[in-house]
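Chemist: Sharing a structure with you now.
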Amino acid sequence: MNTPAQPDRIIIFDTTLRDGEQSPGATLNVDEKLTIARQLAKLGVDVIEAGFPYASSGDFEAVQKIAQVVGVESGPTICGLARATRQDIKAAAEALKPAAKHRIHTFIATSDIHLEYKLKKTRQEVIEIASEMVAYAKSLVDDVEFSPEDAGRSDPEFLYQVLERAIAAGATTINIPDTVGYTTPSEFGAIIRGIKENVPNIDQAIISVHGHNDLGLAVANFLEAVKNGARQLECTINGIGERAGNAALEELVMALHVRRQYYNPFLGRAVDSEEPLTNIDTRQIYKTSRLVSSLTGMLVQPNKAIVGANAFSHESGIHQDGVLKNKRTYEIMDAQLIGLTDNQIVLGKLSGRNAFRTRLQELGFELSETELNKAFVKFKELADKKKEITDWDLEAIVNDEIQQA
Ligand code: KIV
Ligand code: ZN
């Protein structure tokens, strides 16, 4: 049953270009954002949160450009963030205009600590602002998402009231943020269940989740949220974002893929248990991770799940022996699934510059001519010593010899 509030697949909402870019030191220029947005479209994300148009003229320009170029009819929905104020919402609507499918995402905090110290407003005032600003956004675009910021620490009864009013005012996606990464999986699951059971008009909206990784629990929280009715996941490539970052797209998507038979029944529909639960082309994951890492300058830790350099390598003799006998002894997924070559020889000492350049591009590295020349020299030196040059070797060459030079 594919209704707006009960989509057939889990909606992947990528916020690399908005919340991800809020990582300290991860600023991107307009062209870099456009390059990432194009790759996100290839990856198959359903929604791209392209920025916060009122925040700066650079953000406005980036959102507008992405809306023009990537927001085509067959492409993803392009979303812009706006505080619950008229000027923010107006700027977002203006920047998003060129996109075939556009969404305004507006938010206001609902936790007592935010109301008292940040907003200096009463609960009733917050309810009225949320309702009025959602209605204003709805007068400008059809697709409106509302977030009660710091929902994870908000009083559930108050949360239900705000959500009910936001849906009545026209929000079609209700996003529940664990803004400070405080909740645990069972608590977060219970918040989603509580919303499903206590917000009378919840059937008119999709429940989305957004979470930060302060306690390293964001992905686990989201998976529990899916079991309790969440149908949109807000995430970033490599999990970049404020402080400890956001829930990592690649981890969520691969957890839903590898364990799809486990998660399928929670979608509440009878489908083939082999059917994918998201629209993501998993073979684009590694390339997207590389691209985001090289353009933001944020390196991926070697032991990072899914996209870290060690994620598919086996060091101990016992593990190597097991994998040679049967890969499934120590591997729960194939490296090819995320677009890698499964530790096969990709290049050798006879490989030319073109093959080298092409493979780097396939892996998502965007190098200047000078960087490429330097990397090629290093590659030849390594190829003289080592017969098999893998994707991991190439990544090490680029990271160690070029980006840190
Ligand atoms: O973390 C947060 O609460 C946010 C909101 C704007 C959704 O990023
Ligand atoms: Zn956030």
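Chemist: On a full-extension model of 0.36 nm per residue, what is the gain between residue 57 and residue 132, subtracting their alpha-carbon distance, rounded to one decimal in nm?
Modeler: The span from residue 57 to residue 132 would gain 24.4 nm if fully extended.
Chemist: For region 55-143, state the semi-axes of the equivalent ellipsoid (square roots of 5 times the eigenvalues of the alpha-carbon gyration tensor), sorted largest first and rounded to whole angstrom. Intermediate values should be presented prior to the final figure.
Modeler: Details: eigenvalues 156, 35, 19 Å².
Taking √(5λ) for each Cα gyration eigenvalue gives 28, 13, 10 Å.
Chemist: Once the Cα gyration tensor of region 1-127 is diagonalised, what are the square roots of 5 times its eigenvalues, in whole Å and ordered largest first, as equivalent ellipsoid semi-axes?
Modeler: For region 1-127, the ellipsoid semi-axes come out as 26, 19, 14 Å.
Chemist: Here's another thing I want to ask about it. Assuming R0 = 60 Å, can you tell me the calculated FRET efficiency for the pair residue 318 and residue 86, based on Cβ-Cβ distance, to the nearest 0.05?
Modeler: 0.40
Chemist: Now for a different question. Among 210, 314, 105, which one shows the highest mean-square fluctuation when the chain is modelled as a Gaussian network with alpha-carbon springs under 10 Å?
Modeler: 314
Chemist: For the chain, what size does the Cα cloud have along each of its three principal axes, sorted from largest down, in whole Å?
Modeler: Rounded to whole Å, the extents work out to 71, 46, 39 Å.
Chemist: Between residue 97 and residue 336, what is the label-point separation in nm under the 7 Å Cα-to-beta-carbon projection?
Modeler: The answer from the label model is 4.8 nm.
Chemist: Follow-up question, since we're still on this one. For the chain, with the dipole built from +1 on Lys and Arg beta-carbon atoms and -1 on Asp and Glu ones, taken about the Cα centre, which of 147, 194, 10 lies farthest toward the positive end?
Modeler: Comparing the listed Cα positions along the dipole, 10 ranks first.
Chemist: Taking the chain as a Gaussian network, Cα atoms linked when under 10 Å apart, which of 69, 209, 180 shows the biggest mean-square fluctuation?
Modeler: Top of the fluctuation ranking is 69.
Chemist: Relative to the Cα centre, what is the charge dipole magnitude of region 1-127, using +1 at the beta carbon of each Lys and Arg, -1 at the beta carbon of each Asp and Glu, and rounding to the nearest 20 debye?
Modeler: Charge dipole of region 1-127: 280 debye, to the nearest 20.
Chemist: Same structure again: So, with +1 on the Cβ of K and R and -1 on the Cβ of D and E, and no other charges, what is the size of the charge dipole of the chain about its Cα centre, to the nearest 20 debye?
Modeler: I would put it at about 680 debye.
Chemist: Return P(r) of region 120-256 (all Cα-Cα pairs; 5 Å bins starting at 0; whole %; ordered from short to long distances).
Modeler: In whole percents, the pair-distance histogram is 2, 11, 21, 23, 18, 15, 8, 1, 0.
Chemist: Still on this structure: With point charges of +1 on the Cβ of Lys and Arg and -1 on the Cβ of Asp and Glu, referenced to the Cα centre of the chain, which listed residue (355, 52, 213) lies farthest in the positive direction of the dipole?
Modeler: 355
Chemist: About the Cα centre of region 69-193, how large is the charge dipole given +1 on each Lys and Arg Cβ and -1 on each Asp and Glu Cβ? Please answer in debye to the nearest 20.
Modeler: Numbers: 14 positive and 18 negative charges, 64 e Å.
That gives region 69-193 a dipole magnitude of about 300 debye.
Chemist: Summing Lys, Arg as +1 and Asp, Glu as -1, what charge do residues with Cβ under 11 Å from the Cβ of residue 275 carry, residue 275 excluded?
Modeler: 0
Since every read-out is calculated from the coordinates, none of them should be taken as a lab result. Computed from a predicted model, the values in this text were never measured in an experiment. Neighbour counts are summed over all protein chains in view; Cβ atoms, including those assigned to glycine, are modelled from backbone coordinates with ideal geometry.
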